[in-house]
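Here is the structure we will look at, set down as structure tokens.
Derivation of every value follows stated rules applied to the coordinates shown; laboratory data play no part. Small disclaimer: the values here were computed from a predicted structure and weren't measured. No Cβ is skipped: glycine too gets one built from the backbone with ideal geometry, and neighbour counts run over all protein chains shown.
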Amino acid sequence: MRYISTRGNAPALNFEDVLLTGLASDGGLYVPENLPRFTVEEISSWAGLPYHELAFNVMRPFVAGCIEDDEFKTILKDTYAVFEHPAVAPLRQLDANEWVMELFHGPTLAFKDFALQLLGRLLDAVLQKRGERVVIMGATSGDTGSAAIEGCRASENVDIFILHPHNRVSEVQRRQMTSAISDNIHNIAIEGNFDDCQEMVKASFADQAFLKGTRLVAVNSINWARIMAQIVYYFHAAIQLGGPQRSVSFSVPTGNFGDIFAGYLARNMGLPINQLIVATNRNDILHRFMSGNRYHKDELHPTLSPSMDIMVSSNFERLLFDMHGRNGALVAELMDNFRTTGQLSVEEDRWTETRKLFDSLGVDDEQTCNTIAEVYEATGELLDPHTAIGVTAARACRRDATIPMVTLGTAHPVKFPEAVEKAVPDVKPELPAHMADLFEREERMTVLPNDLKAVQEFVSQHGNKGKPL
Ligand SMILES: *Cc1c(COP(=O)(O)O)cnc(C)c1O
């Protein structure tokens, strides 16, 4: 499988190189040159398979030529064995023909584990073969950092540096990062805000001299392998609900458009998906596009669903590429224009075509809490605020009540107690048994000033299993 850039002006890469590359050299994002397409018979034959075997069937074409079948099978088996629920991504019924797919049974209790547990293992396998080591740098306001750390924890060939704003992440989120203690894991608390962290990571990618030749890898949601891993659970849900003979619809709590883009790919690979609902919080640039063809940048609004607090959605460019007949030059022009004006609209017929599949809703904090309370009262199920936004949108945007509707349950409620306690004051979400001791675990982190040189010096002194590069 070859991968090409959404801006049409960068070399095509194979899977291994795409795994180790962030942005394409023309500023675009990598996408598969051709999507595999499965027949109804093939998909039907996967009914009843364990999650890791389904994952192998769905993802095999994407890694073909780079990772041997047997090795890939072993990697997938190990990856999904760390999930606490035997079904890995169980479906829980909320109402007639309405489900939540629980994607929070991984080590950090959010769906990002599905991709990052795999990414860490794939990186390690590829680097082992090459005899290379890499450094990962990332900034986090919460979920991504802990999932990336857990994913790389056992990687022999990776040192990971995660920057978070000091005293500005929740205690559960901080502890999930800082209690992972290993020579190759480096938590840096920056005396600044999330944007400062992100700027320092960006600047480090732009000028890598401090790494003395060691390759720097990104694990943010533009990494193709993350999208790839997320395609699998759409198949998993649909097959359990009668697919591919029957269509299914999905509602997806959305920030950077990675998770829902995976659903869009699943559909293009042959899975009958009737409707994809983009569920956003007040940071609703995607809702404004889907409802009115206006992808216009706005300021950031902090909400009770912080993992979806974004101003622009980095993976949206991948959809734009398809919307424009995969014409990279057109996408480059749109994105250049967006960079200077902060505004983007597409031709009416392209937008109308997109709307055949996608609907959307922007949900505010009050409505989020109402849905948490409502669902708790009706079913005893405690939703996290991101999932509650998905359920709200699913109910508001549903086109056909006879088609099963699945909301992606993106996080465990214990990660976001503020919203849950506001919605249902008398219940406190509890840590699952395997994490019950989180508040007693030892923590390790380094506090650094909001200063690029200090951070880069720290990385170069510790980037080789805690030793200097
Ligand atoms: C990251 C995240 C999202 C948003 O996913 P995208 O792929 O960025 O759209 C939603 N919910 C939770 C809990 C998350 O951590």
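Annotations for the structure displayed:
- If you model region 1-53 as an ellipsoid using its alpha carbon gyration tensor, with each semi-axis the square root of five times an eigenvalue, the axes come out at 31, 13, 8 Å, biggest first.
- Centroid-to-centroid separation of region 381-433 and region 290-317 [C-alpha atoms, Å]: 20
- Computed E for Val427/Lys129 - FRET, C-beta separation, R0 56 angstrom, nearest 0.05: 0.70
- Scalar couplings 3J(HN,Hα) for region 86-91, obtained by applying the Karplus form with A = 6.51, B = -1.76, C = 1.60 to θ = phi - 60°, are x, 8, 6, 10, x, 9 Hz; x denotes Gly and Pro.
- Distances between placed amide hydrogens fall under 5 Å for Arg2 paired with Glu33, Asn34, all partners being 5 or more residues away or on another chain.
- Computed [θ] at 222 nm, helices only, for the chain once each DSSP H run of length n ≥ 4 contributes -39500 (n - 2.57): -13000 deg cm²/dmol
- Prolate/oblate/rounded call for region 105-176, Cα gyration tensor, a/c under 1.5 rounded: oblate
- Cα-Cα P(r), region 168-315, percent of pairs per 10 Å interval: 9, 28, 33, 22, 8, 0
- Put simply, region 232-348 fits an ellipsoid with semi-axes of 27, 19, 11 Å; these come from the alpha carbon gyration tensor as the roots of five times its eigenvalues, largest first.
- Between region 442-469 and region 69-115, the alpha-carbon center distance in angstrom: 33
- Magnitude of the charge dipole for the chain, about its Cα centre and with charges confined to Cβ atoms of Lys, Arg (+1) and Asp, Glu (-1), is about 900 debye.
- Extending 7 Å from the Cα toward the beta-carbon at both Leu452 and Glu299 defines two label points whose distance is 2.6 nm.
- Amide H contacts under 5 Å for Thr407: Trp99, Val100, Met101, Ser251, restricted to partners 5 or more places along the chain or on a different chain, H placed in the peptide plane at 1.01 Å from N.
- Prolate/oblate/rounded label for region 172-214 (Cα gyration tensor, a/c 1.5): oblate
- Of all DSSP-defined beta bridges confined to the chain, some 25% are antiparallel rather than parallel.
- Applied to region 410-423, the Karplus parametrisation 6.51 cos²θ - 1.76 cosθ + 1.60 on θ = phi - 60° returns per-residue 3J(HN,Hα) values of 7, 8, 7, x, 5, 6, 10, x, 4, 5, 5, 5, 5, 6 Hz, with x for Gly and Pro.
- The label point for Asp207 and the one for Glu191, both projected 7 Å from the Cα toward the Cβ, are 2.3 nm apart.
- Span-like helix ranges in the chain, DSSP H, alpha carbon extent 20 angstrom or more, Kyte mean at least 0.0: 112-130, 224-240
- Prolate/oblate/rounded call for the chain, Cα gyration tensor, a/c under 1.5 rounded: rounded
- Across q = 0.13, 0.22, 0.23, 0.24 Å⁻¹, region 25-133 modelled as identical point scatterers on its alpha-carbon atoms has Debye log10 I(q)/I(0) values of -0.63, -1.35, -1.38, -1.40, in the order of the q list.
- Low-density loop positions, trypsin sites (Lys or Arg not before Pro), region 203-261 - DSSP coil, at most 15 other Cβ in 10 Å: Lys212, Arg246
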